[in-house]
Amino acid sequence: MNSGNDEFTSPVFDMGTLMRAIVNPYGKRLIVDGVPAERLGLEGKLGLDGSKASKADSIKATIFVIAFIGVMIAMPIFAQTEPLLCMTTFGAVILIFGLINLFQNGVSLESIFNLVIPLIGAVLVVISVMNVYHKSHSDSFYFTQTMMAKIACVGFEIVGAGMMVISPVLHFRKMNECTQIITAKCIYRNYNKNANGRTAAHHHYELWWQYEVNGMIYVTSENTSTNKDVPIVGDLREIRFSPEKPWKIYRPIKSEWVDPIVEGAVIVGFIMVIMALLHW
């Protein structure tokens, strides 16, 4: 295995580096994230240089930066004329960015929480616009501070309950789908830093694994980021895969009772629900 661990651990995903990390001395058929290697440059989700993903991320980042700059310019102006429009502007940015992310990644049970960001943006826009309209139309409906507090509580309850229910459901669904166990090798690590983290201990990693099923080499990402049980490049771990679709994998991170990621989601969700109920 390649010994240059730093080359294969990066904050920026690079398909070319991933391809160099793959060990396939006998030229067996290669499947990368469910896409045959021979199709990667034409029909895959990622080009050999990661061009499609990079372009999508670049477009999203560009739109966000432009919108953010626009907000920074508009908000001081609105603060002098109509403070509620600051909320409208901020909500519009969150809504647009959330919708872009939603359309790019799609909606599934795994990504259901991607709906939260655009919903928050939409609520902020609706509340602020209706309250601005009320100032010139006193007989129209508007949101009082009490009503806004209740809406926030309901939102916390829904998100918290969702975290308590959806995370365990996803865990058991993946366990039922990925029933076969195989030893896989970590060949590439893509990471992002925790907002307050300055060391590797605070990084969250998306891990890429190489394994062989029925004479074919599979290279698959976990498609989620974690800072629990993170291997170094070259380490071996047992992972689960679907016998019908071997490119679908799941690596439950074992603890004394339950997968700590699921446990953490349930605890956070429970806290959110309790906090919301206490504020009613």
Q | Condition check for SER10: surrounded by 12 or more Cβ atoms within 10 Å (Cβ to Cβ), modelled with pLDDT under 55 and not aliphatic (A, V, I, L, M) | A | no
Q) Out of (1) modelled with pLDDT under 90; (2) open to solvent by 30 Å² or more (accessible area, probe 1.4 Å); (3) closer than 22 Å to GLU212 by Cα, what's the single condition that is false for LEU40? A) (2)
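The values are calculated or read from the model by the stated rules, or taken from the named source; none is laboratory data. Note that the structure is a prediction, hence the values are computed from the model and not measured. Methodologically, a virtual Cβ is constructed for each residue, glycine included, from the backbone with ideal geometry; neighbour enumeration extends over all protein chains shown. Areas reflect the complete protein model, heavy atoms only, side chains present, ligands, DNA and RNA absent. Shrake-Rupley method; radii C 1.70, N 1.55, O 1.52, S 1.80 Å.
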